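Quick one: structure below, then a few questions.
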Amino acid sequence: MEEQLKRNFNNLINNLPETDVGKESIKARKIYLKEFIKKGFPNKRIEDWKFSDLNQIISSNVEEIKFFDYDQTQTKFDQSKIIKNFKHNKIIFVNGLVSKIDFSYEEKAKIEVLNNLTEENTKKIGRLRSIHPEFTYSDENPLISLNNGLKFSHVKLNVKKNYKFKKPLIIYNFTNQEINSTVVNLRFDLRLQEKSALKIINLFNDDSDNSIVNINHQYRLGKGAILKNYKIDHKENSNIKYFYNNIDLDDDSVSENFVFSKGSKFIKHEINCDLRGEYSSAFVNGIINLKNSQHHEIKTNINHLRRDTKSYQLIKSVLDENSKGVYQGKIFVNQHAQKTDGYQLSRTLLLNENTEFDAKPELEIYADDVKCSHGSTSGNLDENSIFYLMSRGLNYQQSRELLINGFLLDIIEKITDLEIKDLIKNIIKIKE
Amino acid sequence: MLKIENLKAKIDERHVLRGLNLEIKTGELHAIMGPNGSGKSTLSNVLSGKKGYEISGRITYENQNLLELGIEERAHKGIFLAFQYPLEIPGVNTNIFLKSALNAIKKSKGEKELDAIEFLKIVKEKALKLNLGEEMLSRQLNVGFSGGEKKKNEILQMSVLNPKFSILDETDSGLDIDALRIVSDGVNSLRNKKNSFLIITHYQRLLNYIKPDFVHVLINGKIIKSGGPELAIELEKKGYESFN
């Protein structure tokens, strides 16, 4: 793996834009790659990965790993995959490369968008570097190290004070058969300045086979900023994904997260929220809906670091055939975070005896005046409910679908934006 | 319409029905009364096809062997059970559920399915006729409903699905006088020469509102006495003990 990585790294350096090939940058990348080589892909011996042995999943699904192979033609995409009749801004990644950036609905003076592939103004990049370091502190997470070392696309968005986006932003993550690399490493940074607001939909649409997609999103919310972030992985595909979100919240800011996890062979959504400002709040609502031998995980770290902060997490899973779902939810409350209100609940329907769901709730609390709770339930569909519905004329399949739809509906109802709620219902085919 | 011959049912090695015979003709309304544990709910479950029972005997419904039909097929052929404890189904809108159910029945008969507007017209009409508020239709099925509301909802479903043979399993239990009247008025308004009813109850009280053609006493899994409405009054006076 090391030899392959070295060869691919040289290819990466030769193709990077000039702004990113400074000696310092290359040196840093090499350090991160060394970290990655030392650890390799995470395996079940690492506590955070005990339910999802990524190393094993990769070795049994991917024959040979090509870490980086650049070819400009890879960024073509099928226009029919763009959402119609829904006005939105776009960032389109195709096979890990930036294909298109379009913010035509917004006021140009209120936002700054930087793409490392096209940006020549190093001063601007320097300014944004101070907001988000070019490399993410890896905290011994080998996938972050890999992303730091090999990221080729890095888009940065800076939203100025008081500016509220007129239309949502859809970040399309496409892969297709034109892909040359096995591994896709991409990065997106968002800075929402004081009292600004943005809604993002991260939409996956994969047509490649057995790709490894490693995405690092860094969000920083200023005082009173609001970020609503919806992540949709609905289309069936054989890819293996790690989607890391780090959210840093200042006073009175709000981060609403919604995860719909259904399409990929494997995906781990990791959401790290640092509630650094008083009265800041974070919400994570998620659906894991699996069949076949899919394996998905949602892992959260909600860190309450100041007083009067709030977090709420609700994860509902429906597992069929021989699929596996995992939810590891951690609430951390430090000694300053008095009056914290933290809640998490996981509910799972196991439709088949070959399914597995692992829930690991963790509460780590160092303040004494807090309200924190967690709960986890799992079970099959209620036979009496099925009998009730069938006795009215519905067949078994219809009754089952109605019950599953009903089970998941209350998570969808938590989406606070009506237009996006309708769009998502339409994409994921959940009925009211 | 329905003929039950020597029906025996066993669940978890326990004999619940022990050779029950009953015939209900088109247009008739029969009441079955019996103490706790006599097999009343088992009878309604077996008639509507609930799984988990070991069954012997014969049930003929409109010249077919009922026991060969699945739960939903029985519903398609006009059998309806008003549940003793209607289930709460979170996230399922009452209107949408009822429309799917009605259309499933229509489809099985080769009739045209209704669109949302046609359906709403029918359901509103029925709700008005039964003196039931429409607002329960837009709520999640039975979720947070009071006991009385759940029973009223059963009657509304019955009225919309328009069954040939309806079984009411202790529909009167837990109802106050006003709710009892609404439920009884509902049943009475649906009675006609083409459909039949089987009313299962503990108490004679309901039969003051719904006049049965026949009353049967079910004890220990068997019908031990049958008669007219006067049998219910006798039962109320003497209690089940005297029939043992």
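Just so you know, all these numbers are worked out from the coordinates, no wet-lab data involved. Not measured: the values here are computed from a predicted model. Cβ atoms come from the backbone with ideal geometry, glycine included; neighbour counts cover every protein chain shown.
Work through the residues other than B:Gly70 whose Cβ is under 14 Å from its Cβ and net out their charges, Lys, Arg +1 and Asp, Glu -1.
Net charge around B:Gly70: +2.
A further question on this structure: Antiparallel versus total DSSP beta bridges in chain B: what percent is that, nearest 5?
Roughly 55 percent of the DSSP beta bridges within chain B come out antiparallel.
Pairwise over distinct Cα atoms, reciprocal of the mean inverse distance: report the Kirkwood radius of chain A in Å, one decimal place.
Details: mean 1/r = 0.0447 Å⁻¹.
Mean inverse Cα-Cα distance, inverted, gives 22.3 Å.
Which of the peptides B:64-70, A:194-200 is most tightly packed, and how do the rest follow, judged by the mean count of other Cβ atoms within 10 Å per residue?
Per-residue Cβ counts within 10 Å, averaged per peptide and sorted highest first, yield A:194-200, B:64-70.
Taking every residue in B:37-50, how many Cβ atoms of other protein chains lie within 10 Å of its Cβ, on average? Each step should come with its number before you reach the end.
Values: counts 0, 0, 0, 0, 0, 0, 0, 0, 2, 0, 0, 4, 3, 6.
For peptide B:37-50, the averaged partner shielding equals 1.
GNM, chain A, Cα, under 10 Å: largest mean-square fluctuation among A:Leu389, A:Leu351, A:Leu192?
A:Leu389
For every other residue with a beta carbon closer than 12 angstrom to the beta carbon of B:Asn21, add +1 if it is Lys or Arg and -1 if Asp or Glu, then tell me the sum. Walk me through the intermediate numbers first.
On the way: positive: B:Lys3, B:Lys8, B:Arg18, B:Arg58, B:Lys222; negative: B:Glu5, B:Glu23.
So the environment of B:Asn21 carries a net charge of +3.
Still on this structure, I have one more. Let me have the relative contact order for chain A, percent, based on Cα pairs under 8 Å that are six or more residues apart. Can you show the working numbers first?
Working: 1048 pairs, mean separation 39.4, N = 432.
Result for chain A is 9 percent.
Now a separate question. Rounded to whole Å and sorted largest first, list the principal axis extents of the Cα atoms in segment B:163-244.
Computed over segment B:163-244, the largest-to-smallest principal extents equal 35, 29, 21 Å.
Which whole number gives the average count of other chain Cβ atoms within 10 Å of the Cβ atoms across peptide A:380-390? Walk me through the intermediate numbers first.
Working: counts 0, 0, 3, 3, 4, 6, 3, 10, 13, 10, 11.
That average works out to 6.
Then there is this: Let me make sure I get this right: for segment B:109-164, a, b and c are the square roots of the gyration tensor eigenvalues over alpha carbons, sorted descending. Under 1.5 in a/c it's rounded, otherwise prolate if a/b > b/c, else oblate. Which is it?
Working: a/c = 1.88, a/b = 1.68, b/c = 1.12.
Prolate, since a/c reaches 1.5 and a/b exceeds b/c.
In terms of the Cα gyration tensor, with a ≥ b ≥ c the square roots of its eigenvalues, is segment A:267-380 rounded because a/c is under 1.5, prolate because a/b exceeds b/c, or oblate? Could the numbers behind the result be given before it?
Numbers: a/c = 3.16, a/b = 2.50, b/c = 1.26.
The shape class here is prolate.
Please give the calculated 222 nm ellipticity per residue for chain A, where each DSSP H segment of at least 4 residues contributes -39500 (n - 2.57) and the sum is spread over every residue; nearest 500 deg cm²/dmol?
Numbers: 8 runs with 94 residues, N = 432.
After summing the helix terms and dividing by residue count, I get -6500 deg cm²/dmol.
While we're here: From zero outward in steps of 10 Å, how is the percent of C-alpha pairs of segment A:1-250 spread across the bins?
7, 31, 37, 21, 4
How long is segment A:32-114 along each principal axis, judged by its Cα atoms, biggest number first, in Å?
Reported extents, whole Å, longest axis first: 49, 29, 27.
Which value at 222 nm does chain B reach when only helices count, each DSSP H run of 4 or more adding -39,500 (n - 2.57), with the total divided by all residues and rounded to the nearest 500 deg cm²/dmol?
-10500 deg cm²/dmol
Next question. Below 8 Å, C-alpha to C-alpha, sequence gap of six or more: please give me the relative contact order for segment B:64-195 in percent. Working shown, then result.
Details: 139 pairs, mean separation 49.6, N = 132.
About 38 percent, as a whole number.
Now a separate question. Work out the mean other chain Cβ neighbour count within 10 Å for the residues of B:77-86 and drop it here as an integer.
Working: counts 1, 1, 2, 3, 4, 1, 4, 0, 2, 1.
Mean number of neighbouring Cβ atoms from other chains: 2.
Before anything else, pin down the relative contact order of chain B: Cα pairs under 8 Å, at least 6 apart, normalised by residue count, whole percent. Kindly include the intermediate steps, with their values, before the conclusion.
Values: 427 pairs, mean separation 71.1, N = 244.
Across chain B, relative contact order equals 29 percent.
Now for a separate question. If packing is taken as the mean number of other Cβ atoms within 10 Å per residue, what is the order of A:299-307, B:11-19, highest first?
Sorting A:299-307, B:11-19 by mean packing, highest first, produces A:299-307, B:11-19.
Can you give the Rg and Dmax of chain B based on its C-alpha atoms, in angstrom?
Rg then Dmax for chain B, in Å: 17.7, 55.
Oh, and also: Which shape class applies to segment B:99-218: rounded if a/c is under 1.5, otherwise prolate when a/b exceeds b/c and oblate if not, where a ≥ b ≥ c are the square roots of the Cα gyration tensor eigenvalues?
Numbers: a/c = 2.12, a/b = 1.39, b/c = 1.53.
Note, shape of segment B:99-218 comes out oblate.
For the protein assembly as shown, give the share of DSSP beta bridges that are antiparallel, in percent and rounded to the nearest 5; count only bridges with both residues there. All intermediate terms of the calculation are to be shown ahead of the outcome.
On the way: 33 of 184 bridges.
Given both bridge residues lie in the protein assembly as shown, the antiparallel proportion sits at roughly 20 percent.
Oh, and also: If you take every DSSP beta bridge whose two residues both sit in segment B:99-244, what share of them, in percent to the nearest 5, is antiparallel?
Numbers: 5 of 10 bridges.
Roughly 50 percent of the DSSP beta bridges within segment B:99-244 come out antiparallel.
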